[in-house]
Amino acid sequence: MGSPLLKLLRVVQPETGGPARVTGRKIYILPTRYRLVFGVLLITLLIASINYANNPAFILTFLLTGLFIQAIFHTWRNLLDLSLQWKQTNPVFAGETAFFQYELWDEKGRAHYALQFGFAGNDSVITDCPANEKRLIRLPCSSRRRGLLDPGRLTLGLLRAWCYLDTHASAVVYPAPLEGWLDSARPSWGMAIEGDRGVGADDFVGHRSYHPGDQLGHIHWKAFAGEKGLLVKQFGGDRVNRYWLDFDAIEGGDTEYRLRVLAGAVQALSLDASHYGLRLPDQEIPMGSGESHRHDCLGALALYGVAE
């Protein structure tokens, strides 16, 4: 969108904290190939009507011309006064498709039909906007790298009438996690706030996947012999696994590789009852657990080194 020509486009901008509303001067209209053929047909009919001075032919020509003009007007009107507001976009991992959710309505209560929405290079969505109702639409946008995903201008079109909408939408894209485990991460023990969720030596509470540093005596060897994977027995108690995931402790690889390894570790630990913290060169997230903590850690990895 950095081209000087594109900067001259009339783009629908949202109001402060409000929706983007399509006005008449922001709508572009061009004829389709079928309309071009229809135009050539009208010119041919007009020439034939003049040559043969045929009144019925004149009437047919003017009637079809009137329909052609009315079609242009109704196409333009079908986009007029539409309001669109970005609601939310859930975070995704790099390489996945983000879905931007928008709310669509007409402040004057009119109905709109066969509306096509889409971002450049992505699949479009066709929907109607009923009269006096609000319609929710989800538009896909593929992600290629971590950070903040800017989908660009949204194109709203019908046939060959369209407009560009800048809705200020964005999405957080997490680094694509690498499978495996941090060799530098070793569990330490701490008191579990919740109680009965750690690695105590009391009652057996279940199994979890093996992490380097786990006690060999807790490995479920029968499950391993039965090709069920390497599992570790968990016992109820008042202690919990505690891990520090340190960016600088990862040996080798560039920044993106390290972030992907850390993302994989966060994903693995979020499936257990473990507590973990994250250390980055410019940020430290204290020990915690749960879904909110997972998103905080992954969000920090996604935005590490990204200029706002």
(request) Please name all residue pairs, on different chains or six or more residues apart, with Cβ atoms under 7 Å, provided the first residue is in region 69-84 and is within 20 Å of residue 32 (Cα to Cα) and the second residue is open to solvent by 30 Å² or more (accessible area, probe 1.4 Å). (result) 72/29; 75/29; 75/159; 76/29; 78/113
(message) Given the criteria assigned to a strand (DSSP E or B) and of a type outside the set (Ser, Thr, Tyr), does residue 169 qualify?
(response) no
(request) Quick one: count up the residues across region 262-308 that are outside any helix (DSSP H, G or I) and among the β-branched types (Val, Ile, Thr). (result) 2
(message) Any residue that is modelled with pLDDT of 90 or more and within 28 Å of residue 270 (Cα to Cα) - is there at least one of those in region 176-189?
(response) yes
(message) Out of everything in region 268-286 that is touching a strand residue (DSSP E or B) at 6+ places or on another chain (Cβ under 9 Å), in contact (Cβ under 8 Å) with a residue 24 or more places away in the chain and open to solvent by 50 Å² or more (accessible area, probe 1.4 Å), what residue ends up being farthest from residue 233 (Cα to Cα)?
(response) 279
(request) For region 20-76, name all the residues that are farther than 27 Å from residue 163 by Cβ and aromatic (Phe, Trp, Tyr). (result) 52, 58, 62
(request) Considering only region 71-159, give the strands (runs of 3 or more DSSP E) lying wholly within it that have at least 2 residues that are at negative phi and open to solvent by 40 Å² or more (accessible area, probe 1.4 Å). (result) 82-89, 97-106, 112-119, 125-129, 135-142
(request) Check region 26-33 and report whether any residue there is at pLDDT below 95, surrounded by 11 or more Cβ atoms within 10 Å (Cβ to Cβ) and assigned to a helix (DSSP H, G or I). (result) yes
(message) Can you confirm whether residue 258 is basic (Lys, Arg) and open to solvent by less than 70 Å² (accessible area, probe 1.4 Å)?
(response) yes
(request) Would you check which residues across region 160-180 are open to solvent by 30 Å² or more (accessible area, probe 1.4 Å) and aromatic (Phe, Trp, Tyr) and list them? (result) 162, 164
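The values are calculated or read from the model by the stated rules, or taken from the named source; none is laboratory data. It should be emphasised that the depicted structure is a prediction, and the values quoted were computed from it without experimental measurement. Don't worry about glycine lacking a Cβ; one is built from the backbone with ideal geometry, like all the others, and counts go over all protein chains shown. Side chains are part of the model used for accessible areas, which takes the heavy atoms of the whole protein and leaves out ligands, DNA and RNA. Shrake-Rupley method; radii C 1.70, N 1.55, O 1.52, S 1.80 Å.
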